[in-house]
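S.K.: The structure is given below, and queries will be raised subsequently.
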Amino acid sequence: MPTIVNCPTCKAKVEWSEQSPHRPFCSKRCQLIDLGEWSFENNKISAPITSAQEFSQDMIEDIEAMMAKNEDDFLNNLSP
């Protein structure tokens, strides 16, 4: 049985599947309305922003390595 969610914008029922390309939104229109809310800062993430001091050195090194790998992958996929 497919999972059904409510569209965050209009609350319409949306099937969570590849048949719903804008999921969790019911339409492109609702997706753009939500994007507009974020761009006008009407929506915010409620968790406080963590400072860099809360990250361990190992965690920072892992993130840097992951970013370097992604950059290499990106550069390797550029067409001449």
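S.K.: Is it the case, given these coordinates, that residue 9 is open to solvent by 70 Å² or more (accessible area, probe 1.4 Å) and not aliphatic (A, V, I, L, M)? Give the derivation first.
M.R.: Working: open to solvent by 70 Å² or more (accessible area, probe 1.4 Å): no; not aliphatic (A, V, I, L, M): yes.
The answer is no for residue 9.
S.K.: While we're on this one: As an exercise: evaluate residue 76 against (1) modelled with pLDDT of 80 or more; (2) open to solvent by 90 Å² or more (accessible area, probe 1.4 Å) and give the number of the one condition it does not meet.
M.R.: Here residue 76 clears every test but (1).
S.K.: Related question: With respect to residue 20, is the statement that it is modelled with pLDDT of 90 or more and either in a helix (DSSP H, G or I) or at negative phi (or both) true? Explain how you work it out, then say what you get.
M.R.: Numbers: modelled with pLDDT of 90 or more: yes; either in a helix (DSSP H, G or I) or at negative phi (or both): yes.
Yes, satisfied.
S.K.: Here are the criteria: (1) under 30 Å from residue 8 (Cβ atoms); (2) modelled with pLDDT under 75. Tell me which single one residue 42 does not satisfy.
M.R.: Checking residue 42 against (1) under 30 Å from residue 8 (Cβ atoms); (2) modelled with pLDDT under 75, the one that fails is (2).
S.K.: If only one of 15, 54, 37 is over 28 Å from residue 1 (Cα atoms) and modelled with pLDDT of 90 or more, which one is it?
M.R.: Result: 37 is the single residue among 15, 54, 37 that is over 28 Å from residue 1 (Cα atoms) and modelled with pLDDT of 90 or more.
S.K.: Note down all Cβ pairs under 6 Å where the first residue falls in the stretch 1-18 and is closer than 18 Å to residue 29 by Cβ, the second is polar (S, T, N, Q), and they're at least six residues apart or on different chains.
M.R.: As it stands, the answer is 14/20, since those pairs meet every condition given.
The values are calculated or read from the model by the stated rules, or taken from the named source; none is laboratory data. These numbers were taken from a predicted model, which means no experiment stands behind them. Note that each Cβ is placed from the backbone with ideal geometry, even for glycine, and that neighbours are counted across all protein chains shown. Heavy atoms of the whole protein, side chains included, go into the accessibility calculation; ligands, DNA and RNA do not. Shrake-Rupley method; radii C 1.70, N 1.55, O 1.52, S 1.80 Å.
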